[in-house]
1. Could you list, in sequence order, all residues of the stretch 428-443 that are in a helix (DSSP H, G or I) and in contact (Cβ under 8 Å) with a residue 12 or more places away in the chain?
2. Considering only the stretch 235-246, state which residues are farther than 19 Å from Val167 by Cβ and either more than 12 Å from the ligand (Cβ to nearest atom) or not in a loop (DSSP other than H, G, I, E, B) (or both).
3. Scan the stretch 20-59 for residues that are in a helix (DSSP H, G or I) and open to solvent by 30 Å² or more (accessible area, probe 1.4 Å) and jot them down.
4. So which residues in the stretch 206-231 are within 10 Å of the ligand (Cβ to nearest atom) and under 19 Å from Ala108 (Cα atoms), if there are any at all?
5. Which numbered condition in (1) out of contact with any Phe, Trp or Tyr (no Cβ under 8 Å at 6 or more places or on another chain); (2) within 16 Å of the ligand (Cβ to nearest atom) is the only one that Gly181 fails?
6. Checking the condition among the charged types (D, E, K, R) and within 19 Å of Leu206 (Cβ to Cβ), which residue from Asp43, Asp69 passes?
7. Kindly check whether there is at least one residue in the stretch 148-171 that is more than 16 Å from Ala96 (Cα to Cα), among the small types (Gly, Ala, Ser) and under 44 Å from the mean Cα position of the chain (by Cα).
8. Any idea which of (1) within 14 Å of the ligand (Cβ to nearest atom); (2) more than 16 Å from the chain's Cα centre (by Cα); (3) basic (Lys, Arg) is the one Lys89 doesn't satisfy?
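The values are calculated or read from the model by the stated rules, or taken from the named source; none is laboratory data. If you're wondering where the values come from, they're calculated on a predicted model, not measured in any experiment. Because the Cβ atoms are built from the backbone with ideal geometry, glycine has one as well, and the counts that use them run over all protein chains shown. Areas reflect the complete protein model, heavy atoms only, side chains present, ligands, DNA and RNA absent. Shrake-Rupley method; radii C 1.70, N 1.55, O 1.52, S 1.80 Å.
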Amino acid sequence: MTIRTRFAPSPTGPLHMGGVRTALYAYLFAKQQGGSFILRIEDTDQNRYVPGAEEYIIEALTWCGIIPDEGVGFGGPHAPYRQSERKHKGFYLDYARQLLQKGNAYYAFDRPEDLELARKNAEAEGVQGWQYDASTRMGMRNSLTLPEQELKHLLDQGTPYVIRLKVEPGQNLTFRDMVRGEVSFDSSLVDDKVLIKADGMPTYHLAHIVDDIMMEITHAIRGEEWLPSAPAHLLIYQALGIAMPQYAHLPLLLKPEGNGKLSKRDGDRLGFPVFPLQWEDPISGEISSGYRERGYYPEAFVNMLALLGWNPGSEQEVFTMEELMAVFSFDRVQKAGARFDPAKAKWFNEQRLRAMRDEELGLRFSLQLKQMLGEQDPRADVSFATTAAGLLKERVQFENELYETGKYLFEAPSAYDEKVIAKRWNEKAKVFFEALTETLSKTEEFTAEQCKAAFEKLANEQGIKPGDVLQLFRVIVSGQGSGVDLFGMVALLGRAEVEARIRRALASL
Ligand code: GLU
C-alpha cells in the first residue's frame, strides 16, 4: 500500500499555526513512509471564501518546507484539487445519489425558517439542542414523510432541497483513531447531516469523503474539532461499502495559560504571532503579524510546531526536518491539548541561530548591514559582519537583533556606563590608558591574543591588577559594562578605531 496523506484547508483566511502543524504531521508521516502528501483546497463554503487565502496557504507551506507532492499549486494526477471545481464534474452528486438509492440518504425540503420553528417549539417544550435526526425527522418535510406524488412534484418544480444522511439510531459506532486508540459513539446522538446543500454544493462531510476516496487517501489527519463528526463519516463509508482511511485527530493548541484554544487574540494580547506569515485582511486592511516577518527561521518554526503535541521519547528537542521525518510517529502524539509557550518558540529560534556556521550567519548579516549602512560601508563587509556575528550570536535570539545588540561594534559610544566609571575611573587608570594607546600601537599584529598579552603586560608593569582595568577598557571601547568578548571586539574594531575610542574617552572622562 502506498501511503497518501492530505492537508485539506478551507481558504477562509490566513492559516493558523495549528493548521500548519496538521500539515506538518501529515507531511512527516507520508515522507517517512515513502508516500505522498497532497494539498486539497476545500472551498465548498462560498460564503466564507476569502480572496488571497489560498495563495497564503501555498506560500506558508512553501516557506515551512512542507512541500506537497500533488495538489493545488503543485500539479498531480487527480486534478482539480479545488472542491469548487470538482463539483462541476459531478463527483459529489454521484456519491450522494448512491446513498439516496441505497436508502442511506433522503431529500429534505425544510426551509431555514422551518428548522428555526422546530427548534423554538422544542425549546418551548423544554427540549434543548434540537437536531434533525431519527427522533424528529418524521415531523419534517422530507422524502421520508411526503407522499410520493408530492415529492415528485416538488422535485419536478425545482423546489430547493438538501440531501441528508439517514442515521439509524441505536448503533454502537467504533473505529480506531491513530492518536486516541479505539473510540466509540452512540449513533442515536448523531444528527442527519446535510450532505448536499441547497446551492448544490456538497458539505465538508460528503466532499472530504468523496475526495479522500478518489484521491486514494490512506490516512486522514485533521484537528480534534472534527472528532464529533467522525461517527457520521464512518456511517457514510459503511453505507458506500468502502473502507474508511485511518483517521488521526490531533490535539488542540492551547493558550499559554493552558485554558482554551489558542487564538489570534492571545497573540495580540501577549505579543506573538499565531500565523506563519503576515496577513493583511482584504476587507478591513487589518494586519496580523507572522513568524516569518518577526524574524523566525522556518526551520525553527517547524521544529517548535513538531513538538507541540508530539514528543520523540527522548531528551532531544532540536530537530531538522529530515530528523523529524525519521522519528515522527503517531504513537507519541498526545491526546490532551498542547500548551503553546511563546518563550519556548523563541528558544527554538535561538538554537537554530547558534547552530548556524559563522560564515552563513555573517553572509546574511552582511546583507542586512548593506541595506542599513550602504553597499560600500566597510562595516557591512562580509568578513567584518562574519566576525561580528560570531561575537554576537550567543547574545541574541533573532538575526534582526544582531545590530541593536552589538551597536557598539558599528558606532563609537556616545556615553559610558556611569556605574563602572564611578567605581573604577581614577588617576591610576588614566595613566594606564594613556600608556595603552602607545602599547597597542606597537603590537606586531592586532589580534585578540596579542592585544590581550600587551594589555596584561602593561598592567603588570604599572602594578595594576588586570581585573581593575578590564571592565573599564570594555566601557571605554563599547560604552557598556558588559557585552561580547572584549579582545575579540578589540581585534575586530582594529588598531585605528580602538586608539580613537581610547583617546575620545580620555578626553571626556
Ligand atoms: N477543510 C477542513 C478544515 O479546514 C479540513 C478537515 C480535514 O482535514 O478533513 O478544517
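1. We begin by selecting, within the stretch 428-443, every residue in a helix (DSSP H, G or I); these are 428-440.
Within the stretch 428-443, Lys428, Ala429, Lys430, Val431, Phe432, Phe433, Glu434, Ala435, Leu436, Thr437, Thr439, Leu440 qualify.
2. First, the residues of the stretch 235-246 that are farther than 19 Å from Val167 by Cβ: 243, 245-246.
Residues satisfying the conditions are Ala243, Gln246.
3. Lys31, Gln32, Gln46, Asn47, Arg48, Glu55, Ile58, Glu59, listed by residue number.
4. Once the filter is applied, which keeps residues that are within 10 Å of the ligand (Cβ to nearest atom) and under 19 Å from Ala108 (Cα atoms), the stretch 206-231 yields only Ala207.
5. Going through the list (1) out of contact with any Phe, Trp or Tyr (no Cβ under 8 Å at 6 or more places or on another chain); (2) within 16 Å of the ligand (Cβ to nearest atom), Gly181 breaks only (2).
6. From the options Asp43, Asp69, the qualifying one is Asp43.
7. Among the residues of the stretch 148-171, at least one is more than 16 Å from Ala96 (Cα to Cα), among the small types (Gly, Ala, Ser) and under 44 Å from the mean Cα position of the chain (by Cα), which makes the answer yes.
8. (1)
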